[in-house]
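Derivation of every value follows stated rules applied to the coordinates shown; laboratory data play no part. The structure presented is a predicted model; accordingly, all values stated were derived computationally and were not measured. Note: ideal-geometry Cβ built from the backbone for every residue, glycine included; neighbour counts use all protein chains shown.
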Amino acid sequence: MKVYPNSPAEKAGLKQNDIIEGINGMRIDEITLDDVDSLITDMDTREIKLVIRNFANQAHPVTLEKECYSTTALGEDQLATAFSMYSVENTHDRLFVCPFTTKTTDDAIEFSQFKTFNFNDVEDHTVSKIESIINETLKSELTKKGLQQNTLDPDFLIHTYYTFDKNPNFKKKSKETEEQAPVFRYDITRDKVTQFPFYNANTPESEAEYVLQLGIRFIDQRHIPGRVLWECEANELMSSPYAIEEYAAIHIPLMSMQFPYVKYQRNAQFILTKKNYNYTGIRYSIYQLNRVVDVDYGSGLESRHPKRRPHRPDRRKTDGPYGRRIYGSLSPVYHQHPEISRQRYALYECQRFSELHVLG
């Protein structure tokens with residue numbers, strides 16, 4: 001699940017990693033996407049009742065109040081995307097692929113019953129620097145999902161393994177491999193897209209000078225001890241050496257995004273969305289950008305003029321307090337730049353939206 005800023009879902013308290021079990025009294029596995037679309041777009045229904053759960057909480061009801069806007073209204077997030085060519089560093093989408101092989105047990109199980117974890121054999125030997133980074137990164141990612149570490153009686157154990165070496169099967173690079181485009185991925189430790197010394201997933205193994213492998217297994221301790229519940233293995237072909245601990249810190253968060261539900265068994269695809277713009281809550285006419293057709297319910301601007309209801313868009317002319325702020329300000333409103341004075345637009349707040357998720 002992804003939750004957009006200022007959306008009804010965010011206002012209702014939904015968060016990433018929440019799982020929707022039901023919509024308006026119907027189980028999610030009993031309805032189609034068309035049914036979901038009908039429930040959301042039903043003009044006679046102002047509320048949507050969801051049943052939400054995650055690893056930390058049992059299933060519980062959440063009510064969303066729909067906010068309806070004209071189909072001819074453009075929000076500032078849409079305008080930020082439309083004008084992104086003027087500020088690529090602030091607004092962009094980036095798709096990238098990682099050579100992960102991910103799978104879960106074939107048994108029919110409910111992952112939400114597993115609440116705690118621990119690391120395999122942590123007391124049997126001294127933990128190396130690499131293992132410490134791997135374990136801490138995994139602990140951080142699982143904690144974000146609502147799981148807790150339990151060293152005495154965990155529901156599952158985590159087993160990890162890794163190797164990095166020169167490729168013993170390396171022969172010679174083909175011209176196609178030599179001319180490959182650079183590989184870029186999102187580096188979560190630096191919060192930016194970075195170039196890596198990796199080859200793409202279609203490269204023959206015999207043409208890579210170095211190989212790196214990092215694997216993670218979650219092993220059942222609750223029901224059938226020893227059963228592998230979930231596993232993910234990264235196999236990278238590389239043109240130059242790369243530190244395994246740095247690889248783990250960057251890629252374990254990506255590997256963990258497919259736990260517990262797997263979208264890609266091989267070559268996982270991710271998309272990074274970044275938007276950085278000044279938010280007022282104004283919605284503009286798609287046909288005439290100097291005309292205000294609506295204001296987001298709950299925004300700073302709406303709170304100063306709280307006459308409209310969230311489900312009934314209010315057409316406003318450009319000669320009032322809303323319209324006067326439009327002229328001459330379309331350019332600065334879309335993107336955050338240090339040279340733009342914040343004093344001039346007291347109602348503006350900088351909206352930073354960064355989202356990374358598995359594509360699909």
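When each of the peptides 13-22, 209-218 is scored by the mean number of other C-beta atoms lying within 10 Å of its residues, the order from highest to lowest reads 209-218, 13-22. Placing a pseudo-label 7 Å from each Cα along the Cα-to-Cβ vector at THR194 and VAL97 gives an inter-label distance of 2.3 nm.
From most to least packed by mean Cβ count within 10 Å, the peptides 44-50, 236-242 give 236-242, 44-50. The share of Cα pairs per 10 Å bin across the stretch 1-129, counted from zero up to the longest distance, runs 9, 25, 28, 24, 11, 3, 0 percent.
Say the cut-off is 24 Å between C-alpha atoms; which of LYS139/LYS166; LYS15/LYS115; LYS115/LYS263; LYS2/LYS139; LYS11/LYS144; LYS2/LYS103 go over it? Result: LYS139/LYS166 exceed 24 Å. Taking the square roots of five times each eigenvalue of the Cα gyration tensor of the stretch 152-239, the equivalent ellipsoid has semi-axes of 34, 17, 10 Å, listed largest first.
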